[in-house]
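Below: one structure, written as structure tokens.
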Amino acid sequence: MTQQLAPEHPAPEPTAPTRAALPARAAVPAAVVCGLLSAAAFDPWNVPFAMVVGVAGVFLLARRLDGARKRLVLGTGFVYGVAFMGPLIWWMRAVSTGAYIGLVLAECLFFAVILLALRSSMRLRLWPLWAPATWVAGEWARGAFPFSGFPWGRLVHTSIDTPFAPYVRLLGMPATSFVLAVVAACLALLAVAPRRTKILAGATILVTTLVGLALPTGVADSSGHRTVAIVQGDVPGAFLTWPRGAIFQLHAQETARLAAAVVEGKVPKPDVVLWPENATDTDPFHDEPVRAQIEALSSTIGAPILVGGIFDGPTDTTAYNAGQVWTAEGPGERYVKRKVVPYGEYVPFRGALGGLVPQFDRDIPRDLLPGHTSGALKVDAGPGRSMVLGDTICWDIAYDGIVRQAVGDDADVLVVQTSNASFTGTSQPEQQWKIARLRAIETGRFVLVPSTNGISGVIDADGSVVRRAPLHRPATIVERVPLAHGSTPALHLELPLTAVLVTFGLAGWWFGSRRRRSPRS
């Protein structure tokens, strides 16, 4: 009888096969679908939760690209960016086709890197938390670089009119993007996870939704009321075709109608009159007839006018896009737009590009200089009738820090002076309007929006539309609004939460890049 000896090196146990990386012929179409879904959440389509589903698809795509070459991952992220940003900011073609293509390509580079970072984060055990933080880090980077960044098309912007909108009052904008990204991660788990994990993911989605429905909104510590008048003067034709000073005359005429109605007792006397961005394209400091008209209108109404206009800069080649408080006695406080638009309001590297692209020097003859101080402007229409406006100008409303600082400097209401004349007939005004509605919820303040030709209106602190002027014609809104003197949790938590989420997002990328997915994961 012979004795059978055990082998010196036992055979390895069989393991689950490693999932093959998704090939380009499948990854690219999947990225296109995810990008189009993400764009569909915004105007003009406005499909609820479409971007949440799109981001869930991006998470699954990042998971299936583990093991793929970096260039495939980067290329797939770039394609997602094209499919998302291309339709989303189609309205940028109103500025120029070159500006549209350049901005889309710049944003696509971010999405290429974001997908690469997500692939790493998806390798970690708690990826449904790591990956959403990485997504938020990507949104933060897009909103900060290059120049002043482009914080458009954030996941949080799709939360308006959903149960998740109240989260912005509690957590702020970036952390609400994180909440929605966690929901997207849970949707991805419902597609690929074991049954027990699917139950947990479904319960997370349900609880997150119910919490959003229970969160409070409204005015933050209301104290008193003021009457405001929003003037929409309209524009006299297609963008860049009207004669110099024509828009000012339209706003002066509409304000004169308001003054007559106040004198006749048809409307209540306002405490402040709000004009839009670019309501005057001549500087009242140097144009005496324009200055005289403004002061006469203020005197007749008996209230200050917040004049939006282009004011001469320190040199002949510079200017300021500003909101200037003006009374019958003359100018008061001023806010200068802080986030001026590259290649829209100023030309970076003008010396090198001016000769190559003569259109820049023709359409943007002067560079607008950015401001550096808060938009908190004090206006006073008489004893006991003062208030502080938190002024923002157009794109400013999309930047978290600008809004937070204005409210921190005791703004009672927010104002969004805007000129959407160049985007007439596009979805840009509606997209910006919804960001303004989220800011109302976030800050617990009414938001007052004067626009040259729309959208002008009043938004309450719940994000609901109180009044909205008709588009593309002169109109005036007179409304009594509450003042807010308190702060919301978001105003205190937003900055530290953003720092934490961005740090965790970058850490997820770093830790995940140092480990490979195990065969059983």
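The values are calculated or read from the model by the stated rules, or taken from the named source; none is laboratory data. Every value quoted in this text rests on a predicted model; they were computed, and no experiment measured them. All Cβ positions, glycine included, derive from the backbone under ideal geometry; neighbour counts span all protein chains shown. Please note that ligands, DNA and RNA were not included when accessible areas were found on the heavy atoms of the full protein model with its side chains. Shrake-Rupley method; radii C 1.70, N 1.55, O 1.52, S 1.80 Å.
Does His251 satisfy the condition of being within 30 Å of Gly425 (Cβ to Cβ), modelled with pLDDT of 95 or more and not hydrophobic (A, V, I, L, M, F, W, C)? Spell out the reasoning first.
On the way: within 30 Å of Gly425 (Cβ to Cβ): yes; modelled with pLDDT of 95 or more: yes; not hydrophobic (A, V, I, L, M, F, W, C): yes.
It is true that His251 is within 30 Å of Gly425 (Cβ to Cβ), modelled with pLDDT of 95 or more and not hydrophobic (A, V, I, L, M, F, W, C).
Would you check if Pro482 is open to solvent by 10 Å² or more (accessible area, probe 1.4 Å) and in a helix (DSSP H, G or I)? Don't jump to the end; show me each part of the working.
Numbers: open to solvent by 10 Å² or more (accessible area, probe 1.4 Å): yes; in a helix (DSSP H, G or I): no.
No.
When the residues of the range 311-335 are filtered to those that are among the acidic types (Asp, Glu) and closer than 24 Å to Asp367 by Cα, which remaining residue is surrounded by the fewest Cβ atoms within 10 Å (Cβ to Cβ)? Spell out the reasoning first.
First, the residues of the range 311-335 that are among the acidic types (Asp, Glu): 312, 316, 329, 333.
Subset that is closer than 24 Å to Asp367 by Cα: 312, 316, 333.
On the way: Asp312: 15, Asp316: 9, Glu333: 18.
Restricting to residues being among the acidic types (Asp, Glu) and closer than 24 Å to Asp367 by Cα, the top hit is Asp316.
Do you know which residues across the range 182-210 are open to solvent by less than 60 Å² (accessible area, probe 1.4 Å) and without any contact (Cβ under 8 Å) to a residue 12 or more places away in the chain?
Answer for the range 182-210, where residues must be open to solvent by less than 60 Å² (accessible area, probe 1.4 Å) and without any contact (Cβ under 8 Å) to a residue 12 or more places away in the chain: Ala193, Thr197, Ala203.
Could you run through the range 461-479 and say how many residues are in a loop (DSSP other than H, G, I, E, B), of a type in the set (D, E, K, R) and without any contact (Cβ under 8 Å) to a residue 40 or more places away in the chain? Lay out the reasoning, then the answer.
Quick first cut of the range 461-479, residues in a loop (DSSP other than H, G, I, E, B) only: 461-464, 469-474.
Filter once more, so that each one left must be of a type in the set (D, E, K, R): 462, 473.
Still in the list and also without any contact (Cβ under 8 Å) to a residue 40 or more places away in the chain: none.
Qualifying residue count for the region: 0.
Looking at Gly401, Gly375, Gly308, Gly408, which one is under 22 Å from Pro146 (Cα atoms), open to solvent by less than 60 Å² (accessible area, probe 1.4 Å) and of a type in the set (Gly, Ala, Ser)? Before you say what the answer is, go through the steps one by one.
Numbers: Gly375 fails: under 22 Å from Pro146 (Cα atoms); Gly308 fails: under 22 Å from Pro146 (Cα atoms); Gly408 fails: under 22 Å from Pro146 (Cα atoms).
Every option except Gly401 fails the conditions.
Sort out which residues of the range 369-395 are part of a strand (DSSP E or B), at pLDDT 95 or above and either closer than 28 Å to Val95 by Cα or of a type in the set (Gly, Ala, Ser) (or both), and write them in order of number.
Filtering the range 369-395 down to residues part of a strand (DSSP E or B) leaves 376-380, 386-393.
Next, from what is left, pick out any that are at pLDDT 95 or above: 376-379, 387-393.
Those that are part of a strand (DSSP E or B), at pLDDT 95 or above and either closer than 28 Å to Val95 by Cα or of a type in the set (Gly, Ala, Ser) (or both): Ala376, Gly390, Asp391, Thr392, Ile393.
Could you grab the pairs with beta carbons closer than 6 Å, sequence gap of 6+ or different chains, first residue in the range 307-325 and closer than 20 Å to Val449 by Cβ, second one in a strand (DSSP E or B) and among the charged types (D, E, K, R)?
These pairs meet every condition: Ala322/Arg334; Gly323/Asp391; Gln324/Arg334; Val325/Glu333.
Applying the selection to the range 411-431, what residues are without any contact (Cβ under 8 Å) to a residue 60 or more places away in the chain, open to solvent by 10 Å² or more (accessible area, probe 1.4 Å) and under 14 Å from the mean Cα position of the chain (by Cα)?
Going residue by residue through the range 411-431, those that are without any contact (Cβ under 8 Å) to a residue 60 or more places away in the chain are 411, 414, 416, 420, 425, 429.
Filter again for open to solvent by 10 Å² or more (accessible area, probe 1.4 Å), leaving 425, 429.
Pro429, the sole residue that qualifies.
Show me the helices (runs of 4 or more DSSP H) found entirely inside the range 60-176 where at least 1 residues are open to solvent by less than 40 Å² (accessible area, probe 1.4 Å) and closer than 19 Å to Pro29 by Cβ.
Values: elements: 70-88, 97-121, 127-142, 167-171.
By residue number, 70-88, 97-121.
This table checks each residue for (1) of a type outside the set (D, E, K, R); (2) part of a helix (DSSP H, G or I); (3) touching a residue at least 12 places away in the same chain (Cβ under 8 Å); (4) surrounded by 15 or more Cβ atoms within 10 Å (Cβ to Cβ).
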| site | (1), (2), (3), (4) |
| --- | --- |
| Val219 | yes, no, yes, yes |
| Ile247 | yes, yes, yes, yes |
| Leu250 | yes, yes, yes, yes |
| Pro268 | yes, no, yes, no |
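I'd like to know if the range 226-233 contains one or more residues that are within 21 Å of Val325 (Cα to Cα), part of a loop (DSSP other than H, G, I, E, B) and modelled with pLDDT of 95 or more.
Our first condition is that a residue be within 21 Å of Val325 (Cα to Cα); within the range 226-233, this holds for 226-233.
Filter once more, so that each one left must be part of a loop (DSSP other than H, G, I, E, B): 233.
Still in the list and also modelled with pLDDT of 95 or more: 233.
Within the range 226-233 (the criterion being within 21 Å of Val325 (Cα to Cα), part of a loop (DSSP other than H, G, I, E, B) and modelled with pLDDT of 95 or more), the answer is yes, since at least one residue qualifies.
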